[in-house]
Amino acid sequence: MSNVLFTASATAKNGRDGHVKSDDGLIDLKLVNPAKNKEDKGSNPEQLFAAAYSACFDGALNLVASKQNKKIDSETNAEVSFCKDPADNGFKIAVTLNIKIKGVNPEDAQQLAEDAHQACPYSKATRGNIEVTLNPEAVE
């Protein structure tokens, strides 16, 4: 294993219709499968992954920008879709990252997004496994 900087831990019980809790108790959520249950309120693995991926990607984006001496203000929204997988009749996920970058032109926004996609640990972990679409936008 690589040089570990820290480890996060959470436990899920009863899968998509259960409960998830982090070891420190900050995450303590009822899980609801929105494909089967549109009535109950609760989170789901895709929502949790979207939160984690957007935070990680936005951090990578700011790191890449700072290394290129670009001062930016950014916001990353991750849309995680739960999809049927025709390859095996199972399921898969797909991600669209909507990235708003203030302080650069459209070409630089595109390049920063692509560079962040190479640097982000979540992008590295999912590369070749899920479809990820980057939608960078230079904003004023």
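The values are calculated or read from the model by the stated rules, or taken from the named source; none is laboratory data. From a predicted model like this one, the values you see are computed outputs, not experimental measurements. Cβ coordinates were reconstructed from backbone atoms using ideal geometry, including for glycine residues, and neighbour counts include every protein chain displayed.
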Inspect all residues belonging to the range 8-29 and state whether any of them is exposed (fewer than 14 other Cβ atoms within 10 Å of the Cβ), modelled with pLDDT under 95, in contact with a strand residue (DSSP E or B) (Cβ under 7 Å, 6 or more places away or on another chain) and over 16 Å from ILE99 (Cβ atoms). no
Go through the range 84-140 and give me each residue that's more than 16 Å from SER74 (Cβ to Cβ), touching a Lys or Arg at 6+ places or on another chain (Cβ under 7 Å), in a strand (DSSP E or B) and not aromatic (Phe, Trp, Tyr). ASP85
Within the range 9-49, track down each residue that is without any contact (Cβ under 8 Å) to a residue 40 or more places away in the chain and among the hydrophobic types (A, V, I, L, M, F, W, C). ALA10, ALA12, VAL20, LEU26, ILE27, LEU29, LEU31, VAL32, LEU48
Considering residues of the range 94-140 that are more than 13 Å from PHE57 (Cα to Cα) and among the polar types (S, T, N, Q) only, the residue surrounded by the most Cβ atoms within 10 Å (Cβ to Cβ): GLN110
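Only one of PHE91, PHE82 is under 29 Å from HIS19 (Cα atoms), outside the structural domain of SER22 (by TED's automatic domain parsing) and surrounded by 15 or more Cβ atoms within 10 Å (Cβ to Cβ). Can you tell me which?
Working: PHE91 fails: surrounded by 15 or more Cβ atoms within 10 Å (Cβ to Cβ).
Answer to the check: PHE82.
Yes or no, residue by residue, for (1) of a type outside the set (Ser, Thr, Tyr); (2) at pLDDT 95 or above; (3) within 15 Å of the chain's Cα centre (by Cα); (4) closer than 29 Å to ALA8 by Cα:
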| residue | (1), (2), (3), (4) |
| --- | --- |
| LYS38 | yes, no, no, no |
| ALA51 | yes, yes, yes, yes |
| SER54 | no, yes, yes, yes |
| SER66 | no, yes, no, yes |
| ASN89 | yes, no, no, no |
| THR96 | no, yes, yes, yes |
| LYS102 | yes, yes, no, no |
| CYS120 | yes, yes, yes, yes |
| GLU137 | yes, yes, no, no |
Is there any pair with a first residue in the range 69-93 that is within 14 Å of PRO136 (Cβ to Cβ) and a second that is β-branched (Val, Ile, Thr) and surrounded by 15 or more Cβ atoms within 10 Å (Cβ to Cβ) whose Cβ atoms are under 7 Å apart and which are 6 or more apart or on different chains, and what are they? LYS70/VAL104; ILE72/ILE101; ILE72/VAL104; SER74/ILE99; SER74/ILE101; THR76/ILE99; ALA78/VAL95
Across the range 44-79, which residue is surrounded by the most Cβ atoms within 10 Å (Cβ to Cβ) among those that are under 20 Å from VAL20 (Cβ atoms) and among the aliphatic types (A, V, I, L, M)? ALA78
